[in-house]
């Protein structure tokens, strides 16, 4: 009846006291009580979000001149932040879509939070190009809307316009994917809520879901097709983001390796951010049985893979610069490694390429503290990757008299740190009012991948084979046998 | 007229439930609906549900997006406002591909999701009929329409559920018609 599950695989739901009732209780619990910790962090990040709004207001009022940009370096922190956030947004859809298509059961513990993270990260990302326009009120004209100016349409040859389409499609499709998965879980909360107001709110959110056979059948069809659509979509988005650079004629940007290199980097940074958030969430809401060390190890394997792909891309770029025999390209890379931004390049290399190599050791992959610290390292390293690509390529251009150095102003710093606050603020609200783990999906793997189901099967097998197969659960089963 | 009188059988184990569905259908008893807290693999076949055509709808919406994006960009760049971008062709098909792809995905995803909501009767604030509040928690339910059944048929169904491992069987009568 069920897909085959090797008994050697570790369970994805720990605890021998688990059943459907307990799963519901555990996973809905975070929405039913409020901790002081949560309140304090929400207020703090909320204040940070207000500062973000203030800095954006300052930018609009006084103009882009309040940023540290100069004549040479026209793109700096803004576009760095934009690409960084978009990259972080990639893990959500990767986890929900690609891991669904590959039937990786460990996705059920982390997909919901990762999808939410995607949406919040894309919101943060979108702010940067929009406010970089300067005259934000003209932003609607990036879309081909009918107008009385000619009519004048956007240039459909431009990767910047492709980006507009890619990111808005990505945002709205991720939203659909996320919300359609939330309906059954909102219904779970609705049906167990006591208060009238609470019931009313969750009834609106659940859209009247009941869980009938036909609903589930269509649900599965919808999520499968959305996954199949999102998989090429997620790859296309970062490919197109990389086109923003790759189709230019700036040495250091004009390289054909950019699309796969950016996609790998995006998955890399996205998984790191998922780990950062999930390690906090599992601790804060006592979800250790559902986000297990097994989940963390699986994510760490992806981190070491994508981190190494990114490392190979860095080295390939260097080789190609040398091999091209093109003086300006060679200078750009020489300058990137040994020029005035040496410190940034070294930080990027050590955080992104060297530090994940620790994950070749199983004990490191399964260590929560190492994982948490490394996930932060990767987040920092990936921010510097974009900074290195964008700023070092622009800083020393063809004309030595215009060579420049970029220093951020308080507005630059405020917008960047503010966007992190916005992200965390939205995520905290999500984790308080929404089911952070996909309840229905966790239940659907309960009979295959939980510790309880494995113990039951081992017991059955054990009876048939003289106890040999029950080795994985020797402890509890032995006790059981004596009773 | 829709029924208001039902029998609700409740199970708490996925495999027992699936077996019960097969057995009950084999006995020729009509199942009105099934309610489960999570998707049960093999339930579609056990209930004899027809395959959904939702993915076909998704394809058609996607094809609409493709066509619309390609024709619109071609019309703008060749007819409505042709512009010379550094001597490049007026109809650069390769650079239309990214936007065409995005629009295909956008139309397909939105069209399919909206179709899904409409077909499943899901919209914000809809108050559904709740047969048992635990069907979204830890109980797998089978619903039988009892409006036109005789007393003996009803007790037969109840006994059948019990013998198939149902942990509870009860009557459910709604006073208002379904919205």
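Odds and ends about this structure:
- Test for residue A:223: is it in contact (Cβ under 8 Å) with a residue 40 or more places away in the chain, surrounded by 18 or more Cβ atoms within 10 Å (Cβ to Cβ), more than 7 Å from chain B (Cβ to nearest Cβ) and in a helix (DSSP H, G or I): yes
- For region B:38-70, a residue qualifies if it is at pLDDT below 90, more than 7 Å from chain A (Cβ to nearest Cβ) and in a helix (DSSP H, G or I), and the qualifying residues are B:45, B:46.
- When region A:433-472 is limited to residues that are outside any helix (DSSP H, G or I) and modelled with pLDDT of 80 or more, the one that is farthest from residue A:197 (Cα to Cα) turns out to be A:450.
- Subset of region B:81-90 [surrounded by 12 or more Cβ atoms within 10 Å (Cβ to Cβ) and either closer than 17 Å to residue A:228 by Cα or more than 7 Å from chain A (Cβ to nearest Cβ) (or both)]: B:83, B:89, B:90
- For region A:416-448, the candidate set comprises residues that are under 30 Å from residue A:257 (Cβ atoms) and crowded, with 18+ Cβ neighbours inside 10 Å; within that set, the residue that is farthest from the other protein chains (Cβ to nearest Cβ) is A:416.
- The requirement of being touching a helix residue (DSSP H, G or I) at 6+ places or on another chain (Cβ under 8 Å), more than 7 Å from every other protein chain (Cβ to nearest Cβ) and touching a residue at least 24 places away in the same chain (Cβ under 8 Å) is fulfilled nowhere in region A:195-212; no residue meets it.
- Qualifying residue in region B:104-118 (condition: over 25 Å from residue B:12 (Cα atoms) and at pLDDT below 85): no
- Pick from region B:91-105, criterion more than 8 Å from chain A (Cβ to nearest Cβ) and part of a helix (DSSP H, G or I), ranking: surrounded by the most Cβ atoms within 10 Å (Cβ to Cβ): B:104
- Annotation: of all residues in region A:226-256 being closer than 30 Å to residue B:48 by Cα and more than 8 Å from every other protein chain (Cβ to nearest Cβ), the one that is surrounded by the most Cβ atoms within 10 Å (Cβ to Cβ) is A:227.
- Of all positions in region B:107-128, none carries a residue that is closer than 29 Å to residue B:158 by Cβ, in contact with a strand residue (DSSP E or B) (Cβ under 6 Å, 6 or more places away or on another chain) and in contact (Cβ under 8 Å) with a residue 24 or more places away in the chain.
The values are calculated or read from the model by the stated rules, or taken from the named source; none is laboratory data. What you see is a predicted model, and the numbers here were worked out from it, not measured in a lab. Using ideal geometry, Cβ is built from the backbone for each residue, glycine included, and neighbour counts are taken over all protein chains shown.
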